[in-house]
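This report concerns only the one structure given below.
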Amino acid sequence: MAITTVGVIGAGQMGNGIAHVAALAGLDVVLVDVKAEAVAKALSTIGKNLDRQVAKGGIDAGAKDAAMARIQGGTDMSALSAADIVIEAATEREEVKLSIFKQVVPLLKADAILASNTSSISITRLAAATDRPHRFIGMHFMNPVPVMKLVEIIRGIATDDATFEAVQALADKMGKTTAVAQDYPAFIVNRVLIPMINEAVQALQEGVGNVESIDAALKLGAAHPMGPLALGDFIGLDTCLAIMRVLHEGMGDSKYRPSPLLVKHVEAGWLGKKTGRGFYDYSQDPPRPTR
Ligand code: NAI
């Protein structure tokens, strides 16, 4: 089955990136969100990010205009009836995703694929709440989507081969490299990455190092491009905590216990870059460590 129209649900930081890359690859895109202002902000962000690509010589101005013209944004979910695949990229809360699928499934083409960009929630469980577990799959893009090369593809227990092959071909068309994961809590990338960030927060809590020394140690000592505390701020500390909780509950192992300092940051609303403060203070230029 040829995919020519991609639906994206959720116009936040991931949804706008997925719409951007799909449109640039020549696909028609329907981008929907519950909030009209999220759609407007996403379209403006996509325009600015495409302008940056034009300025750097990566694409020409005509390609930018053509990509923008392929994206139809709005709050009316019925526009998703045109889509061959719908990629859900809404907030990382299971009840939000389940209510979206309940609302959207009756609107879709009978053979449309449903994919979720979830960072950690069981694809099998989400799929079971729809009418098409065999046509349901995890398509996990990395942030920022236009820059990061990887898409992790997660097969639920019922995902069929035709769906897997169509999604692999779509990722190729979008210029991404894929890694295939089985459906276990947090899949591959976040199974390894988020406990490392959590451990860095725990080391900070215990006073093993301060923000600066912990980030410098991993950057210069382990060749990481970003320190783990800066990366946690970039992902969003609320998202990191949500993933640790999925791992803790799903694996039943105390080694995945969220660091109490991570919990405290989220309770304080210090969620990282998006709120202006996390382990760094982003009102300063350059951002200053808070501990
Ligand atoms: P975000 O908070 O930037 O965007 C979420 C969007 O979903 C918001 O615009 C919100 O209005 C919308 N939304 C909420 N309920 C909705 C509904 N019922 N119908 C339609 N739209 C709705 O979040 P972000 O970071 O874009 O994350 C989205 C998904 O992508 C999550 O599942 C997250 O785990 C995953 N993800 C996040 C990454 C990251 O680094 N932030 C990386 C890879 C995946």
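Any read-out appearing in this document is the output of simple, stated calculations on the displayed coordinates, not a laboratory observation. These numbers were taken from a predicted model, which means no experiment stands behind them. For neighbour counting, all protein chains shown are included, and Cβ atoms are generated from backbone atoms with ideal geometry for every residue, glycine included.
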Can you give me the distance in nm between label points at Glu206 and Ala82, each placed 7 Å from the Cα along the Cα-to-Cβ direction? 5.5 nm
Under a 10 Å cutoff between Cα atoms, tell me which one of Ala169, Ala23, Ala42 has the largest fluctuation in the Gaussian network model of the chain. Ala169
Relative contact order of the stretch 9-108, pairs being alpha-carbon contacts under 8 Å that are 6 or more residues apart, as %: 36 percent
Enumerate by residue number the GluC sites (Glu not before Pro) in the stretch 192-280 meeting two conditions: DSSP loop (anything except H, G, I, E, B), and at most 11 other Cβ atoms within 10 Å of the site's Cβ. Glu206
The answer for GluC sites (Glu not before Pro) in the stretch 22-111 that fall in a DSSP coil and have at most 11 neighbouring Cβ atoms within 10 Å is none
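Do any trypsin sites (Lys or Arg not before Pro) in the stretch 107-200 lie in a loop, going by DSSP, with at most 16 other beta-carbon atoms within 10 Å of their beta carbon, and if so which?
Lys109, Lys149
What percent does the relative contact order of the chain come to when contacts are Cα pairs within less than 8 Å and at least six residues apart? Working shown, then result.
Working: 518 pairs, mean separation 38.6, N = 291.
Relative contact order for the chain comes out at 13 percent.
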Counting Lys and Arg as +1 and Asp and Glu as -1, what is the net charge of the other residues whose Cβ lies under 10 Å from the Cβ of Leu229? -2
Per residue convex hull volume, Cα atoms of the stretch 164-291, in Å³: 134 Å³
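What number comes out for the charge environment of Arg135, summing +1 per Lys or Arg and -1 per Asp or Glu over other residues with Cβ under 14 Å away?
Details: positive: Lys109, Arg132, Arg155; negative: Asp84, Glu88, Asp111, Asp131, Asp160, Asp161, Glu165.
Charge balance in the 14 Å sphere: -4.
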Rg/Rh for the chain to two decimals, with Rh computed the Kirkwood way over all alpha-carbon pairs. 0.97
Can you tell me the Rg and the Dmax, both Å, for the Cα atoms in the stretch 239-291? 13.1, 41
